[in-house]
Every structure is written in C-alpha cells, then in structure tokens.
1. Under 19 Å between alpha carbons, and skipping anything fewer than 8 positions from Lys35 in its own chain: which lysines qualify?
2. Looking only at Cα atoms, what is the convex hull volume of the range 12-100 per residue, in Å³?
3. Separation between the Glu55 and Phe6 pseudo-spin-labels, each 7 Å from Cα along Cα→Cβ, expressed in nm?
4. Given a Förster distance of 35 angstrom, what is the FRET efficiency for Lys68 paired with Arg30, based on the Cβ-Cβ distance and rounded to 0.05?
Amino acid sequence: WDNADFSRGVGTTFYQEFSTLNTAKPPFVRDVEAKVRQYLRSSYSAAWTLKITWEKAPVYAAWTDTRKTITYQAILTTDGFRSYILMLYQDGGMQWDYTRLSSTNVLIGYT
C-alpha cells in the first residue's frame, strides 16, 4: 500500500468501525464472519471489525499519471482472542502498471 499517492487530490481513504460485542450484528459483519468461517474453517464470532477503503487510489508518483487508479479494502476483525484480515480488490485485480514502478518485484498481500 505504500505505493498509493494521494498528494494530487485524487482518491479517497475512509473507514468504518463495527463494535459488535453484545450488540446486534449488521449484515456486513455477518458476511465477514461467514468468510472467515469459510476460508479458514474456523468457528468465529466477531467482537470488533474495521473496514478501511482506499477508493480510486492513484499509483505513486501521482504527478506522472492520475488516470490509473485502484479501489481496495482491508477488513480487520477480532473476537478478542484471534484476529484476521481480509484484503479485497476491485474486479480485475490491481490496475496499476507495475512495470513502471521503481521496483517490479511487487506482490499483493501482507506479511
């Protein structure tokens, strides 16, 4: 994510927090729980979830081209004991031209 460049006023970052300990869970949180259960084969009930969205983020350096943008999300969730992250990208995956980056050995993901 360090290659996104919002310095030209293109793109937006926003977040939404869902504290669901002892409260009714909105459909979004239930969907996150279902994905954790499906992909990780784990029983899971979220106590807290954070959705971060980078919308129409231009590639670094934005001064060269602000037309190629990408929208992606990170969903952080925990039950108080285990924590998970879901990384979601717009249909079609990464839209940036990675061959124009200073380093071409790029990955989508985290460690």
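Computed from the coordinates by the stated procedures, all read-outs in this text should not be read as laboratory data. Please read all numbers here as calculations on a predicted model, not as lab measurements. Cβ coordinates were reconstructed from backbone atoms using ideal geometry, including for glycine residues, and neighbour counts include every protein chain displayed.
1. Filter leaves Lys25, Lys51.
2. Dividing the Cα hull volume of the range 12-100 by its residues yields 118 Å³.
3. 1.2 nm
4. 0.55
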